[in-house]
Amino acid sequence: MMRLPLFAYRAPSSLEEAARILHGEGPSAMPLAGGTDLLPNMKRRQQVPRTLLSLRNIEALRAMQLGHSGARLGACLTLSDIASDSRFRNGATVLAQAAAQVATPHIRNMATLGGNLCLDTRCNYYDQNYEWRKAIDFCLKKDGVTCWVAPSSSKCMAVSSTDTAPALMALGARVRLVSQSGEREIALADLYNNDGMNYLHRRPDEILAEVVLDSWHGWRSTYWKLRRRGSFDFPVLSVAAAIRFVSNDGTGAACCAATREGNVVEDARIVIGSVASLPLIAAEAGKFLVGRALSLETMAEAAVLAARIAKPLDNTDFDMSWRKKVTVEFVTYALRELRGDDVGAERTAITHNPSWT
Ligand SMILES: Cc1cc2nc3c(=O)[nH]c(=O)nc-3n(C[C@H](O)[C@H](O)[C@H](O)COP(=O)(O)OP(=O)(O)OC[C@H]3O[C@@H](n4cnc5c(N)ncnc54)[C@H](O)[C@@H]3O)c2cc1C
Ligand code: SF4
């Protein structure tokens, strides 16, 4: 049985107190939200904080404000809270779909939005127990000196494996970070760093307090996730896409017709997850779509542009060149779905393909 290492436990009831404790403890303390990633990591000695700062008693972190101008989502809302809330439909479907596909129902009842956004990066050589990692003399990310994926590399390439980050980036989310010295709001995209070890631009004394979203009225969005087991598994490729079509009456409201084949794209965001140490914004593909109708040719070209930035490595499940090819397919499925095609059969096939298990 794997046991937790010894640690001190603090459970403040206000954000101010939490920020004060984190500041005082320094980098050897880590916030604990649902604990569904951090506690197993501690058992495997991948992360060994001296102090755990529980966020569970801070009511403000579980607040949810949804209005015409957008939303403010507390970092300790659970993924079940988000997945089951019917208000995250239509424009924000991408977020509900991503949250609903994290792990299992039990885990989603504990797992939080903030914890998912700050999730540790993953790699086949790192997500192992202590004895396994010791047997290969550990690796650069923890306790070792060599990267077993790219031995000549001085940088870790562990993979960003969060489901909700690509989804929220497709919605243009921002996050509010709070510390004893103040607070700052940054684009969620700017929270991430392309480095498997230092994968966040969050300072150790900062708490991710809130996710901030502008109104998604007039947008349509969707999430496609590749994983081995449809019942539960980390993503090894994901595509989050959001599109706003030019409306017939200039208000954005007309983009609710069933078929949008002839409708012209006014704005588009495509984000590719789990193919690098951070979620990647396919900016060129998004730009290419603006001003065009989603014909099959346009979607095919956009999908190739989007997949160009995906550079999967051989450190997660599935063959890396196959994952790259699937990126093209997934972007195409997502765009087809957003223009109104019925892609239910394709979605079912990727979720229940027995040849992958
Ligand atoms: C079997 C299994 C399957 C899983 N499958 C998936 C999956 O498919 N997709 C997926 O995305 N994840 C998956 N996970 C990982 C995990 O369950 C989720 O990512 C979950 O959302 C993490 O949230 P948490 O609240 O439990 O985070 P915790 O484990 O509490 O924390 C995770 C990290 O975030 C930091 N943190 C937490 N909250 C904050 C905050 N407010 N401010 C600053 N830092 C913070 C912690 O210090 C820690 O570094 C899986 C886990 C298991 C055990
Ligand atoms: S990418 Fe390299 S350094 Fe990073 S976790 Fe994997 S083996 Fe370790």
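Values quoted throughout were computed directly from the atomic coordinates according to the rules given, and no laboratory measurement underlies them. The structure presented is a predicted model; accordingly, all values stated were derived computationally and were not measured. Note that we place each Cβ from the backbone using ideal geometry, even for glycine, and neighbour counts take in every protein chain shown.
If I take the Cα coordinates of the stretch 1-74 and project them onto the principal axes, what are the three extents in Å, biggest first?
Reported extents, whole Å, longest axis first: 49, 27, 18.
Can you tell me the FRET efficiency between residue 184 and residue 106 if r is taken as the Cβ-Cβ distance and R0 is 30 Å, rounded to the nearest 0.05?
Calculated transfer efficiency: 0.30.
In nanometres, what is the gap between the two model label sites at residue 215 and residue 69, each 7 Å from Cα along Cα-to-Cβ?
For the pair residue 215/residue 69, the computed spacing is 1.1 nm.
Find out how many positive minus negative residues lie around residue 44, taking Lys and Arg as positive, Asp and Glu as negative, among other residues whose Cβ is under 9 Å from that of residue 44.
Result for the neighbourhood of residue 44: +2.
With a sphere of radius 13 Å drawn around the Cβ of residue 6, what net charge do the other residues whose Cβ falls strictly inside it have (Lys, Arg +1; Asp, Glu -1)?
So the environment of residue 6 carries a net charge of +4.
What residue among 76, 139, 156 shows peak mean-square fluctuation when the chain is described by a Gaussian network model with Cα springs under 10 Å?
Greatest mean-square fluctuation among the candidates belongs to 139.
Would you mind calculating the gained length between residue 319 and residue 228 on full extension (0.36 nm times residue separation, minus the Cα-Cα distance), in nm to one decimal?
31.6 nm
Using unit Cβ charges (K, R positive; D, E negative) and no other charged atoms, how large, in debye to the nearest 20, is the dipole of the stretch 160-318 about its Cα centre?
The dipole of the stretch 160-318 has a size of about 240 debye.
What translational diffusion coefficient, in µm²/s and rounded to a whole number, does the Stokes-Einstein relation yield for the stretch 121-181 at 37 °C and a viscosity of 0.692 mPa s, taking the hydrodynamic radius as the Kirkwood radius over Cα pairs? Intermediate values should be presented prior to the final figure.
Numbers: Rh = 13.9 Å.
Stokes-Einstein gives a translational diffusion coefficient of 236 µm²/s.
At 20 °C and a viscosity of 1.002 mPa s, what translational diffusion coefficient does Stokes-Einstein give for the stretch 71-170, taking Rh as the Kirkwood radius over Cα pairs? Give it in µm²/s as a whole number.
Stokes-Einstein gives a translational diffusion coefficient of 140 µm²/s.
In nm, to one decimal, how far is the residue 1 label point from the residue 148 one, both placed 7 Å along Cα→Cβ?
2.8 nm
With the radius of gyration and the Kirkwood radius both derived from the Cα set of the chain, what is their ratio Rg to Rh?
0.97
Once the piece of chain linking residue 47 and residue 128 is laid out straight, how much longer is it, given 0.36 nm per residue of separation minus the C-alpha distance between them?
Full extension of this stretch gives 27.9 nm more.
Using 0.36 nm per residue, how much length does the chain from residue 264 to residue 57 gain when fully extended, once their Cα-Cα distance is taken away? Mind showing how you got there, number by number?
Working: separation 207, 0.36 × 207 = 74.52 nm, distance 4.74 nm.
Between residue 264 and residue 57, full extension yields 69.8 nm more.
Translational D (Stokes-Einstein, µm²/s) of the stretch 170-326 at 37 °C and 0.692 mPa s when Rh comes from the Kirkwood sum over C-alpha pairs? Walk me through the numbers on the way to the answer.
Numbers: Rh = 17.4 Å.
So the translational diffusion coefficient is about 188 µm²/s.
Cβ under 11 Å from residue 104's Cβ, residue 104 left aside: what net charge do those residues give with Lys, Arg +1 and Asp, Glu -1?
Net charge around residue 104: +1.
Report, ordered by chain and residue number, the lysines lying within cross-link reach of residue 225, taken as a straight Cα distance under 25 Å and ignoring same-chain residues fewer than 8 apart.
287, 311, 324, 325
Along each of its three principal axes, how wide is the spread of alpha-carbon positions in the stretch 1-140, in whole angstrom units, largest first?
54, 34, 26
Looking only at the stretch 33-50, which residues have a backbone nitrogen under 17 Å from a spot 7 Å from the Cα of residue 11 in the C-beta direction?
Under 17 Å, as judged by backbone N against the label point of residue 11, lie 33-36, 39 of the stretch 33-50.
As an exercise, take the mean of 1/r over every pair of distinct alpha carbons in the stretch 259-304, invert it, and state the Kirkwood radius in angstroms.
When all Cα pairs of the stretch 259-304 are included, the Kirkwood radius is 11.3 Å.
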